[in-house]
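Beneath this line is the structure, given in structure tokens, with notes to follow.
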Amino acid sequence: MSTLATFVKQQRQQKSMLLMTHVIYGYPTIDESLQMMTSLLEKGVAILEVQFPFSDPVADGPVITNACHDALENKPKLSQCLADITKLAAEYPNTKVLLMSYLNPILQYGFEALAADMQAGVAGIIIPDLPIDHHAMAAPLVEKSVDPIWLMIPDMSDERMEFVSQHAQGLLYCVSRKGVTGQGSDSQSEQSQLESYLNSIKKHTDVPLALGFGISTAQDIQGIVGLVDVAVVGSALLRAYQNGGLSEFNEKADELLTVQ
């Protein structure tokens, strides 16, 4: 079992749900994004997901897309991002830090170089536009004990779920519905469909499950307790920051962390 999977399973012995939060490196500035990360780590979030900005984040909704565009104005470098989050991982050993990046910046950097620079402390990586069919590209990361985190999506065939599960190691990121991040739904009838979808995934793997897309409140998190191990929140925290700066950002984080 990978270090990340072991961490999640151990944490889950004490908590009904773990929180994974999403911050964009360089938004609104590099220093302020690091302040957000540090604040979340100080509060004790279990997993910090740091997105390296990209000009065409196809899996993300308008809140994250616009923030990525703003972050790129600050000319962030992936090498410095890795150095900064590796330092945070060392300073907060009771939390796991993940990198999220689209494929293009990683191809420019090189998988071998990326693996070498991540192995010091970044536990995993999410590459939303890397199809599972090309999992061999991530082999250098696996060799350095960095877990590629693959996505499961609704309406995926049973055969496809099994294929993804075969390559899952530290965590599986389950998309709660079709669409993009930060676009919630008010339908209550989706709960049974969600449970059926997650149960289908569990037939193929015992790797911990994270659920994201559209989770924005403590009530949302409470509603999935017992279904998955990790709740992923991104756009809601960014909206809080945009509405009221670090103060409202911290208030939102405190609210989300009431579900433990």
Residue within the stretch 143-165 that is of a type in the set (A, V, I, L, M) and loosely packed, with under 15 Cβ neighbours inside 10 Å present: no
Residue in the stretch 239-251 that is touching a residue at least 40 places away in the same chain (Cβ under 8 Å), of a type in the set (Gly, Ala, Ser) and more than 23 Å from residue 201 (Cβ to Cβ) present: no
Number of positions in the stretch 128-172 that are outside any loop (DSSP other than H, G, I, E, B) and hydroxyl-bearing (Ser, Thr, Tyr): 1
Members of the stretch 87-107 that are within 15 Å of residue 119 (Cα to Cα), within 16 Å of the chain's Cα centre (by Cα) and not aliphatic (A, V, I, L, M): 96
Qualifying residue in the stretch 29-37 (condition: touching a Phe, Trp or Tyr at 6+ places or on another chain (Cβ under 7 Å), surrounded by 15 or more Cβ atoms within 10 Å (Cβ to Cβ), touching a residue at least 24 places away in the same chain (Cβ under 8 Å) and not acidic (Asp, Glu)): yes
Top-ranked residue in the stretch 202-219 [being among the charged types (D, E, K, R) and part of a loop (DSSP other than H, G, I, E, B); ranked as farthest from the chain's Cα centre (by Cα)]: 203
Residue 61 being in contact with a Ser or Thr (Cβ under 6 Å, 6 or more places away or on another chain), surrounded by fewer than 23 Cβ atoms within 10 Å (Cβ to Cβ) and under 29 Å from residue 254 (Cβ atoms): yes
Odd one out for residue 76, checked against (1) surrounded by 18 or more Cβ atoms within 10 Å (Cβ to Cβ); (2) modelled with pLDDT under 95; (3) in a loop (DSSP other than H, G, I, E, B): (2)
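The values are calculated or read from the model by the stated rules, or taken from the named source; none is laboratory data. Given the structure is predicted, the values throughout are model-derived calculations rather than measurements. Quick reminder, even Gly has a Cβ in these numbers, built from the backbone with ideal geometry, and neighbours come from all protein chains shown.
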